[in-house]
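Just so it is clear, none of the values below were taken in a lab; they were calculated from the coordinates. This one's a predicted model, so the numbers in the text were calculated from it and none came from an experiment. Virtual Cβ from ideal backbone geometry, glycine too; neighbours counted across all protein chains shown.
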Amino acid sequence: MKPTKRYLLSAVGLAGFLLLWEAIAQSGLIEAHLLPPPSTLPATFISEVRLGIWQEMVWASLSHYTVGFLLGSLFGVTLGVSVALYPRVEASQAWLARVFRPIPPLAWIPFAIIWFGISETAAAFIISIGIFWINYFTAMTAVQAVDKDLIEVARAFGHRSMIALLRKVILPGAAPGILSGLRAGLGQGWMTVVAAELFGIPGIGQRMIEASGLLASEVVVLYMFSIALLYGVSDYIFVRIQSRLLEWQR
Amino acid sequence: MATVIHTEDLAVSFDGVTPVFEGLNLAIEKGEFVTLVGVSGAGKSTLLRVIADLIAPFRGTVRIDTPDDPLRRAIAMVFQAANLMPWRRVRENITLGLEGIDVSDELKAERVRWTLELVGLTDYADRWPYQLSGGQRQRIGIARGLAVDPDILLMDEPFGALDAITRNALQDELLHIWEETGKSILFVTHDIEEAVYLGDRVLLLGDEPAHIINEYHIGIDRAERRESEAFLHEVEKVRAGLKHAIDIASNHN
């Protein structure tokens, strides 16, 4: 399929969905607060922006998200790489990982609140957990998959210390895998950001739960789309950086 | 002539019990082109790796006798599958061995120019490895080895994966480079004609545990080697020696 045709069909699909939704909402079959028509969204957006709420909530969520993303990614990649490199580290954490891995990020909410209160730190902590596991596993797998022959080449040309091998072979070789883990974490982060805020930590999630209490369902929908937009933008930026870094791949 | 590689009673073992080869005595003179053939599993590639200090010997010693020079490395290796780093452009692949020794940027650039010229790929410095053919990759693998201006070049079946035409071309290029640079070369191959065509001497590795069971001095002038009567005669001699070694090995098992 030609790219133009592809774009056209995608646009038709999205427009068709919105039209169908608008038609159902307008028909009166379903009450407006159960399914607000999409045509109410621009006005809702303008009013939320005028009140300053949209900016405030997006900014708050973005900051939880950024801190959680950075922490989870940093620890996940570091531990994943160490586990792949050192059998002793691998062995000492193997059962720990088996115990903690199946616990979903949201199950940490009670402890996040006990430890950090209803705070930004609590939200960032919850977000970082899911991101941590994704990066831990992808980084570990990526390092394990680095071509052993290339490590031998680096050693043969005088790069023998672990630091030198990391810089010359292991990290560049694992980069495609590590970057795809970071990208997956980018999406996972937005999923938990809302859930983490549903408990009253200021942000998009909190505003959504507040609006649903007032049956202001068009506000809920607005923030749902805001998340989609934020994810879309962050993913787009990430992919641009990724393809720059992986220019050597074809 | 000075000996550049000297092994004495060398043995290597992967499990610390059974040696792959044993009692291996080898002396390679400065500027000599020595080829190594042998029964598969006799440890031809392993021998190169012990000499390159990538594997520790189980017993015995390796002595490398080359002048100290901070701008060069004593040994460089060329691998079977060129093994270029895919995330480095050709230029950075060539300078891999120069990182970590005290070489100025000007000298690095000069080495890249010089080696690319030697392997006939002058315009390729900014390509990515994926943009090269198999033969070109192997040429860059050779350039990477030459860039550290080594006294000794260890080559592990470097042309094994190439088609016949490319292989012949690279063999002649390698001889040309060798004549121009005077490097000492130890070249592993499973191709007997290649071994006889390239080598001043052909070493035959065999028996269990393996050691050097025979050595053939190829006295024919290189210009007359390909397809001459004397060349084919030498090839037959080495082939018979290898066949004998394989027969002994299969009687062992």
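Less than 5 angstrom separates the built amide H of B:Ser13 from those of B:Val20, B:Phe58, all sequence-distant by 5 or more or on a different chain. Taking the centroid of alpha carbons for each part, region B:215-250 and region A:116-192 are 52 Å apart.
What helices in chain A pass both tests, a Cα length along the helix axis of 15 Å or more and a mean Kyte hydropathy of 0.0 or higher, using whole DSSP H runs?
Numbers: long enough: A:3-26 (34 Å, 0.83); A:53-85 (47 Å, 1.21); A:87-100 (19 Å, 0.08); A:120-144 (35 Å, 1.20); A:171-197 (37 Å, 0.72); A:217-245 (42 Å, 1.10).
Qualifying helices, which must be both long enough and hydrophobic enough, are A:3-26, A:53-85, A:87-100, A:120-144, A:171-197, A:217-245.
Model label points for A:Ala11 and A:Gln55, set 7 angstrom from Cα along the Cα-to-Cβ axis, are 3.2 nm apart.
May I ask for the distance between the Cα centers of region B:95-124 and region A:1-18, given as a whole number of Å? So the separation of the two Cα centres works out to 51 Å. Near B:Phe187, the amide H atoms lying under 5 Å from its own belong to B:Val34, B:Thr35, B:Leu36, B:Met155; only residues 5 or more places off or on other chains count, and H is placed 1.01 Å from N.
Pairs to check: B:Lys44/B:Lys243; A:Lys148/B:Lys108; A:Lys148/A:Lys168; A:Lys168/B:Lys108. Give those whose C-alpha atoms are more than 19 Å from each other in this structure. Cα-Cα > 19 Å for A:Lys148/B:Lys108; rest within.
What the Cα convex hull of the protein assembly as shown gives, in volume per residue, is 227 Å³. Shielding of peptide B:123-132 by partners, expressed as the average count of other chain Cβ atoms within 10 Å per residue Cβ, is 1.
Chain B: D in µm²/s via Stokes-Einstein (Kirkwood Rh, Cα pairs, 37 °C, 0.692 mPa s)? Spell out each step's value before the answer.
Details: Rh = 18.8 Å.
Using the Kirkwood radius from Cα pairs, D works out to 174 µm²/s.
Note on A:157-163: average number of Cβ atoms from other chains within 10 Å of each residue's Cβ is 5.
If I take R0 = 60 Å and measure r between the Cβ atoms of B:Ala56 and A:Leu34 in this structure, what FRET efficiency does the formula 1/(1 + (r/R0)^6) give, to the nearest 0.05? Could you put the intermediate results ahead of the total?
Values: r = 74 Å, r/R0 = 1.24.
Step by step, r from the Cβ atoms, then E = 0.20.
Once the Cβ-Cβ distance between A:Ser47 and A:Leu215 is put in as r, and R0 is 22 Å, what FRET efficiency do you end up with, to the nearest 0.05? Working from the Cβ atoms, E equals 0.85.
The Rg/Rh ratio of region A:175-249, with Rg taken over Cα atoms and Rh as the Kirkwood radius over Cα pairs, comes to 1.14. Normalised by 2.2 N^0.38 Å, where N is the number of residues, the alpha-carbon radius of gyration of region A:36-152 equals 1.47.
Peptide B:81-87 has a mean of 6 when you count, residue by residue, the C-beta atoms of other protein chains within 10 Å of its C-beta.
Placing a label point 7 Å from the Cα of A:Ile241 along the Cα-to-Cβ direction, the residues of region A:175-200 with a backbone N closer than 13 Å are A:179-187.
Let me have the relative contact order for chain B, percent, based on Cα pairs under 8 Å that are six or more residues apart.
Numbers: 466 pairs, mean separation 64.3, N = 253.
Normalised by residue count, the contact order of chain B is 25 percent.
Distance between the modelled labels on B:Glu117 and A:Gln144, one decimal in nanometres: 4.9 nm (7 Å Cα→Cβ projection).
Could you order the peptides A:218-230, A:73-85 from most to least packed, using the average number of other C-beta atoms within 10 Å per residue? Provide the component values of the computation, followed by the final result.
Values: A:218-230: 18.2, A:73-85: 19.9.
Per-residue mean Cβ counts within 10 Å order the peptides as A:73-85, A:218-230.
How long are the three semi-axes of the equivalent ellipsoid of region A:39-245, in whole Å, if each is the root of 5 times an eigenvalue of the C-alpha gyration tensor, listed from largest down?
Numbers: eigenvalues 309, 79, 25 Å².
Three semi-axes, in Å: 39, 20, 11.
Taking R0 as 45 Å, what's the FRET efficiency between B:Glu224 and A:Arg160 from their Cβ-Cβ distance, rounded to 0.05?
Once the sixth-power term is evaluated, E becomes 0.55.
Note on chain A: GNM, Cα springs under 10 Å; of A:Ala123, A:Ala211, A:Ala11, the largest mean-square fluctuation is that of A:Ala11.
Counted as membrane-span-like here are DSSP H helices of chain B whose alpha-carbon atoms extend 24 Å or more along the helix's own axis and whose Kyte-Doolittle mean is -0.5 or above; these are B:164-181, B:229-252.
A:Gly203 sits among other residues whose Cβ lies under 15 Å from its own Cβ, and their net charge, with Lys and Arg +1 and Asp and Glu -1, is -4.
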